[in-house]
């Protein structure tokens, strides 16, 4: 399971290795996670 704190620590290589994601979806998730960190979706 991934909670909010763990979500912010994920990197694309971790998503690909441990979650089985391909590069494209992993990069998209990283993009949205960065936007959340910046507060763009509050």
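Bear in mind these aren't lab numbers, they're just calculated from the coordinates by the rules spelled out. Please read all numbers here as calculations on a predicted model, not as lab measurements. A quick note on method: Cβ atoms are made from the backbone with ideal geometry, for glycine too, and the neighbour counts reach across all protein chains shown.
Just checking, how many residues over the chain are touching a helix residue (DSSP H, G or I) at 6+ places or on another chain (Cβ under 7 Å) and in contact (Cβ under 8 Å) with a residue 24 or more places away in the chain?
Number satisfying all stated conditions: 4.
Among helices (runs of 4 or more DSSP H) lying entirely in the chain, which contain 1 or more residues that are surrounded by 11 or more Cβ atoms within 10 Å (Cβ to Cβ) and over 8 Å from the mean Cα position of the chain (by Cα)?
Those helices (runs of 4 or more DSSP H) span 12-18, 23-38.
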